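Each reported figure results from applying straightforward, stated rules to the coordinates on display, with no laboratory input. The structure displayed is predicted, hence computed values, not measured ones. As a convention, Cβ positions derive from the backbone with ideal geometry for all residues, glycine included, and neighbour counts pool all protein chains shown.
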Amino acid sequence: MSITEIKTQGLGALITTTNTDYMFKGTDISQFMGEIISEAIRENHFYMVYQPQFALGTGKLLGFEALVRCQSPEFGLVSPADFIPFAEENGDIIEIGKWIFRQALLDLKCLRQQGLDVYMSINLSPAQFVAGDVFEQVMVLLMELNIPPSALKLELTETALIRNADVAARTFRAFQDEGIQIWLDDFGTGFASINLLREFKIDGLKIDKSFVDGIHRKDDDFTICSAIIAMAQRLGLHIVAEGIEDEIQMQILGQLGCDSAQGFLLAKPMRIAECIAKWTAKLS
Ligand code: C2E
Ligand code: CA
Ligand code: CA
C-alpha cells in the first residue's frame, strides 16, 4: 500500500494513497482494508478489466493483461495496488486469485470464440503458489474451457521469486512443461533482477514503467532500457514495455528492438464487452 498521508477527522481518518482517498472509521488500515476485501468477496464487488498488448513492429494485437478491480459501494473504486498487498497478507488472495483465473479465462475463451487469436496474461501472487494448488486449478480450468495452455501467460514480480525460490521454481517448471509462459513483471525494480534470470528459466520480461517514463528525457533511463532489451535479446527472452504514454517513448522502444508494448497511449484497461466491441470490429 502506498499510503502518502493519514489525517484523523473526528472519529475516523482520511487515508490518502497514491491512487485514491479513503475515508473510514478507526485508524487501523489493515483492518479497514481487510473489511473492504471480505465484503467484496461476500458481495461480489470484484470485476476484471483487460489491457491489450501489441507487437511493436506491426501494431498487431497479441493479447491482454488481466487486471482486477474492486468496486466498493462505500468507498468507490479501490485500486488493486491498494488492496492486493493486504489480501496477500491475510491470505484472501488465494480465494480472490481463484476467482480471477476463472473469470479471466472465461473472458479469454469468449475473445477467442469471437475469432481473436490472443493470449491472456495473469498476475500471480506468491501466496497462490506457496499455499495454494494453483497449478492443478489452472490446468483443470484450461481443460474445462478447452483453451490451449500456450494462450496463457503468468506474470510474477521479482520479490515473489526471491522470497519463495524453491517452490516458485517447482511451480514454474510444472507450468512451463505444459506450455504456459512465465514472465517477470516490473523488471529492473528489484534488487536481484539479473541473478533471477540465471536461477529461473523465464520466458519474458516486462520493463517497468518507471524506466519507460524517462526513456526520452533521461540518459540513464534510456541506457537502462537499451541494456535490458539487448540482454533479453541475447538470452532469447521476449520483452514487453509497460506504461507507454507517449508516441516518442514507443518509437524509441521500437528502435531498441523491444517486442511488444502496453500503455495508456495504446489503450487503457477495459471491460470485456468493450474489448470485444473494439477488437472484433477490426476483424471484419
Ligand atoms: P502491474 O502488474 O505492474 O500492472 C500494471 C499497472 O499499470 C496497472 O495498474 C495498469 O492499469 C497500469 N498502467 C498500464 N499502462 C499504464 C500507463 O500508460 N500509464 C499509467 N500511469 N499506468 C498504466 P492497476 O490495474 O492499478 O494494477 C496495479 C497493480 O496491482 C498491478 O501492477 C499488479 O501488481 C496488481 N494487480 C492488478 N491486478 C491484479 C491481479 O489480478 N492479481 C494480482 N495478484 N495482482 C494484480
Ligand atoms: Ca503485471
Ligand atoms: Ca508491471
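Couple of notes before you dig in:
- Spacing of the modelled spin labels on residue 169 and residue 266, each 7 Å from Cα toward Cβ, amounts to 3.3 nm.
- Most mobile of 173, 198, 271 in a GNM of the chain (Cα contacts under 10 Å): 198
- Region 63-150: GluC sites (Glu not before Pro) in DSSP loop, at most 16 other beta carbons within 10 Å: 74
- Cα-based values for the chain, radius of gyration first and Dmax second, are 19.2, 59 Å.
- Cα gyration tensor, region 127-284 - rounded (a/c under 1.5), prolate or oblate: oblate
- Under 5 Å, built H, 5+ apart or other chain: amide partners of residue 56: 260, 261
- Comparing 204, 126, 85 along the charge dipole axis of the chain, the residue lying farthest to the positive side is 204, per the Cβ-charge model.
- Flagged links, alpha-carbon separation over 25 Å, of 153/209; 98/153; 218/278; 201/278: 218/278; 201/278
- The amide H of residue 65, built 1.01 Å from its N in the peptide plane, has 51, 53, 121 as neighbours under 5 Å, considering only residues 5 or more places off or on other chains.
- Beta bridge orientation in the chain: antiparallel %, DSSP, nearest 5: 55 percent
- For the chain, the relative contact order is 16 percent, taking Cα pairs closer than 8 Å that sit 6 or more residues apart in sequence and dividing their mean separation by the residue count.
- Among the trypsin sites (Lys or Arg not before Pro) in region 47-111, those located in a DSSP loop and surrounded by at most 16 other Cβ atoms within 10 Å of their own Cβ are 60.
- Model label sites at residue 60 and residue 77, defined 7 Å from Cα along the beta-carbon direction, differ in position by 3.2 nm.
- Volume of the Cα convex hull of region 99-146, divided per residue and given in Å³: 66 Å³
- For region 72-79, backbone phi angles converted through the Karplus equation (6.51, -1.76, 1.60; θ = phi - 60°) give residue-by-residue couplings of 8, x, 7, 10, x, 6, 9, 6 Hz, Gly and Pro being listed as x.
- Taken over the C-alpha atoms, region 241-284 has Rg and Dmax values of 12.6, 34 angstrom.
- In order along region 29-39, the Karplus-derived 3J(HN,Hα) couplings, from 6.51 cos²θ - 1.76 cosθ + 1.60 at θ = phi - 60°, round to 5, 6, 5, 4, 5, x, 5, 4, 5, 5, 5 Hz, and Gly and Pro are given as x.
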